[in-house]
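All remarks here apply to the structure that follows.
The values are calculated or read from the model by the stated rules, or taken from the named source; none is laboratory data. It should be emphasised that the depicted structure is a prediction, and the values quoted were computed from it without experimental measurement. So basically every Cβ, Gly included, is an ideal-geometry build from the backbone, and we count neighbours across all protein chains shown.
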Amino acid sequence: KEGNSEGYSQNKEILNSGNSCEPQRLMFQNDISKDEPFNPSTVHRFNKTFPSPACSTHPRGTFVERFTPHSSRFTRRKSVIRIIRGVGKAWFPDTLRAGFAFAHTAPYRKSAFTLAEVLITLGIIGIVAAMTMPSVVNKYQKQVTVAHLQKFYTSMNQALRRSEADNGEYKYWADGKSMGAEAYFEKYWKPYLSGVRICNKYSECNYLSNTPFVDIDGTPAEAVLVSQTTRTPFMLPDGTVVINFTSMGGDGVDEDGNITNDVSSDAIYVDINGGKAPNRFGKDVFVFRRYENGIINPYLIKSTNLSSVCNRQTADGCAAKIMKDGWEIKDDYPWK
């Protein structure tokens with residue numbers, strides 16, 4: 001009999017009675033004392049009937065398995081089920097199940113992280129996130145800005161092509177200043193832009209005032225959103241607000257908010273996210289222009305020194321810089 005101070009050993013034996021082919025009983029009984037009378041309550045619930053080894057095609061042999069559930073890992077590993085020659089293959093699955101049941105009764109230690117380890121890990125994750133999140137957000141915002149500018153550039157030039165097909169080349173169109181901003185937009189632009197909404201008041205385009213814009217350096221810009229005689233602001237289906245100028249400049253504003261003594265203009269302002277902040281030139285507000293060759297391009301696209309027209313003091317040429325950089329906001333762009 002084998003055992004140790006921490007537990008007991010289980011002896012499993014297959015009793016074979018001569019050459020009889022009668023089915024044999026596999027019984028698991030505690031081996032605490034051989035002198036104790038047999039007690040059925042100590043017999044394990046796995047009590048199976050197997051064919052006798054004498055009827056097996058294998059040579060005769062004996063099967064003995066010793067399992068010590070409370071022993072060390074090494075001992076348990078050494079106590080894996082063993083089959084000695086002569087044992088029929090039919091016994092093996094049930095023998096495995098018996099050992100599996102015993103193994104799951106053995107106590108074991110569950111390992112886990114301590115509270116201090118968890119807090120340290122969370123702290124490290126927080127520090128890394130704080131260091132990387134601003135750059136990730138900036139990169140995403142730049143990509144969104146470029147995507148909106150490209151979409152505006154494409155849709156407005158397509159509308160211009162369709163209008164030219166009906167109204168002749170752009171350079172022969174009537175003067176917007178003499179024609180009037182609203183009449184000019186109704187004839188040359190509105191029929192060729194789908195889903196647009198004209199903003200007769202600044203609130204209709206979701207702005208909080210009629211002078212909502214700021215320059216790239218953060219100072220308030222003088223640009224007026226709504227002026228019935230000089231420009232037509234309208235909103236595209238994706239929320240982009242476009243201000244189509246027929247004239248600008250001048251030396252004052254009348255009681256209705258219209259600019260006086262203005263001059264003809266072919267400028268176009270585009271706010272890629274409408275009334276949402278920051279409404280800053282070079283960040284979400286950009287300047288385009290209708291050129292005589294019938295193309296809408298970023299303002300100052302022909303400039304040979306875009307750094308002088310797109311910097312921390314002026315943003316007039318920032319759309320041109322983005323386009324010339326391959327529709328990309330690069331590191332030398334005054335983004336912050």
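Flag set for residue 242, criterion: within 19 Å of residue 297 (Cα to Cα) and either of a type in the set (D, E, K, R) or touching a strand residue (DSSP E or B) at 6+ places or on another chain (Cβ under 9 Å) (or both).
In segment 166-176, is there at least one residue being among the hydroxyl-bearing types (Ser, Thr, Tyr), touching a Gly at 6+ places or on another chain (Cβ under 8 Å) and assigned to a helix (DSSP H, G or I)? Break it down into steps so the answer makes sense when it comes.
Step one: list which residues in segment 166-176 are among the hydroxyl-bearing types (Ser, Thr, Tyr), which gives 170, 172.
If we keep only those that are touching a Gly at 6+ places or on another chain (Cβ under 8 Å) too, we end up with 170.
Now restrict to residues that are assigned to a helix (DSSP H, G or I): 170.
Among the residues of segment 166-176, at least one is among the hydroxyl-bearing types (Ser, Thr, Tyr), touching a Gly at 6+ places or on another chain (Cβ under 8 Å) and assigned to a helix (DSSP H, G or I), which makes the answer yes.
Of the set (1) of a type outside the set (A, V, I, L, M, F, W, C); (2) more than 17 Å from residue 243 (Cβ to Cβ); (3) free of Cβ contacts under 8 Å to residues at least 60 places away in the same chain, all apply to residue 171 but (3). Within segment 195-220, the residues that satisfy the criterion of being more than 26 Å from residue 334 (Cα to Cα) and under 32 Å from the mean Cα position of the chain (by Cα) are 195, 196, 205, 206. Being outside any helix (DSSP H, G or I) and closer than 30 Å to residue 326 by Cβ, is that true of even one residue in segment 112-129? Checking segment 112-129: not a single residue is outside any helix (DSSP H, G or I) and closer than 30 Å to residue 326 by Cβ.
Of all residues in segment 140-194, those being within 28 Å of the chain's Cα centre (by Cα), over 19 Å from residue 234 (Cβ atoms) and not aliphatic (A, V, I, L, M) number 6. Within segment 292-308, residues that are under 25 Å from residue 162 (Cα atoms) reach partners that are among the hydroxyl-bearing types (Ser, Thr, Tyr) and crowded, with 17+ Cβ neighbours inside 10 Å with beta carbons closer than 6 Å, at six or more positions or on different chains, in the pairs 294/170. Pairs are defined by a Cβ separation below 8 Å, a sequence spacing of at least 6 or placement on different chains, a first member in segment 216-243 that is closer than 26 Å to residue 311 by Cβ and in contact (Cβ under 8 Å) with a residue 24 or more places away in the chain, and a second member that is charged (D, E, K, R) and part of a loop (DSSP other than H, G, I, E, B); the pairs so defined are 216/283; 216/312; 217/312; 221/215. For the structure I just gave you, tell me whether residue 117 is at pLDDT below 90, surrounded by 11 or more Cβ atoms within 10 Å (Cβ to Cβ) and either over 23 Å from the mean Cα position of the chain (by Cα) or within 28 Å of residue 232 (Cα to Cα) (or both). So residue 117 fails the test. In segment 166-212, the qualifying residues are those that are farther than 20 Å from residue 153 by Cβ and hydroxyl-bearing (Ser, Thr, Tyr), and the one that is surrounded by the fewest Cβ atoms within 10 Å (Cβ to Cβ) is 172. Residue 203 meets all of the listed conditions (1) in contact with a Cys (Cβ under 6 Å, 6 or more places away or on another chain); (2) without any contact (Cβ under 8 Å) to a residue 12 or more places away in the chain but one, namely (1).
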